[in-house]
Amino acid sequence: MNDQLNGIEIRRATIDDLAAIFHLGEKVFTAQDTSNLYRTWDEYEVTGTFNSEPEHMLVAEADDRVVGFALGTTIQKARSAWSYGHLVWLGVDPEYARRGVGGLLFEQFREVMTETGVRMLLVDTQADNHAAINFFMRHGFDNPTDHVYMTLYLQKDN
Ligand SMILES: CC(C)(COP(=O)(O)OP(=O)(O)OC[C@H]1O[C@@H](n2cnc3c(N)ncnc32)[C@H](O)[C@@H]1OP(=O)(O)O)[C@@H](O)C(=O)NCCC(=O)NCCS
């Protein structure tokens, strides 16, 4: 399932890619850009996906290094015959931005999910992440819906 465009190869991640994926994610998913806490980028996102759903973990390789990745999962809902796919993390090295790497990753991810029997794909990102929203709309996603995150501190001030 290799996909090549101008020397960019899309393939399934192997165990040797995990450190590179993690460090690229640290670069791409900065706390400022991904400010909600319900899901934070850490090594367990990488190792957990690799352990449970390695088929949903893709990398883009160029110049003999990982320059992008897509990590996702499938979701079964009770009382629904449908299977949903969630593209949880999509990241491209800023040095390779807007060269089609994200698009290649997404198209391959979509193909893998289709083969798995997924009927609908979900993505989520911050409302001010215009790059990602543009990107996803360009790939056919619509109906963006706002979510509100609220916090309650439980520790008393001393
Ligand atoms: C979103 C992201 C994966 C896109 O990767 P990419 O390789 O640059 O995407 P592509 O080259 O395939 O597609 C480019 C298109 O995406 C959109 N886009 C990408 N970056 C953009 C930016 N900075 N501003 C506006 N639109 C942007 C545009 O539609 C663009 O098309 P154009 O260049 O013709 O205007 C990448 O910007 C990224 O890693 N962002 C940080 C992590 C993130 O937010 N991930 C998504 C949520 S998990």
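Within the option set Thr125, Thr145, being of a type in the set (S, T, N, Q) and away from the ligand (no atom under 15 Å from the Cβ) holds for one residue only, Thr145.
When region 83-99 is filtered for residues that are within 21 Å of Asp42 (Cβ to Cβ) and either among the basic types (Lys, Arg) or assigned to a helix (DSSP H, G or I) (or both), only Pro94 remains. Can you find a residue that is surrounded by 14 or more Cβ atoms within 10 Å (Cβ to Cβ), among the β-branched types (Val, Ile, Thr) and either touching a His at 6+ places or on another chain (Cβ under 6 Å) or modelled with pLDDT under 95 (or both) anywhere in region 45-65? Looking for residues that are surrounded by 14 or more Cβ atoms within 10 Å (Cβ to Cβ), among the β-branched types (Val, Ile, Thr) and either touching a His at 6+ places or on another chain (Cβ under 6 Å) or modelled with pLDDT under 95 (or both), one finds none in region 45-65, hence no. Arg39 falls short on exactly one of the conditions (1) of a type outside the set (S, T, N, Q); (2) buried (at least 16 other Cβ atoms within 10 Å of the Cβ); (3) within 11 Å of the ligand (Cβ to nearest atom); (4) not in a helix (DSSP H, G or I), and that condition is (2).
Of all the residues in region 66-86, those that are under 19 Å from Gly25 (Cβ atoms), without any contact (Cβ under 8 Å) to a residue 40 or more places away in the chain and surrounded by fewer than 23 Cβ atoms within 10 Å (Cβ to Cβ) number 2.
Scanning region 100-135 for residues that are surrounded by fewer than 17 Cβ atoms within 10 Å (Cβ to Cβ), of a type outside the set (Gly, Ala, Ser), in contact (Cβ under 8 Å) with a residue 12 or more places away in the chain and not in a strand (DSSP E or B) yields a count of 7.
Just one of the numbered conditions (1) of a type outside the set (Lys, Arg); (2) out of contact with any Phe, Trp or Tyr (no Cβ under 9 Å at 6 or more places or on another chain); (3) away from the ligand (no atom under 12 Å from the Cβ) is not true of His86: (3).
The values are calculated or read from the model by the stated rules, or taken from the named source; none is laboratory data. Keep in mind that what you see is a predicted model, and the values were worked out from it rather than measured. Neighbour counts run over all protein chains shown; Cβ positions are idealised from the backbone, glycine included.
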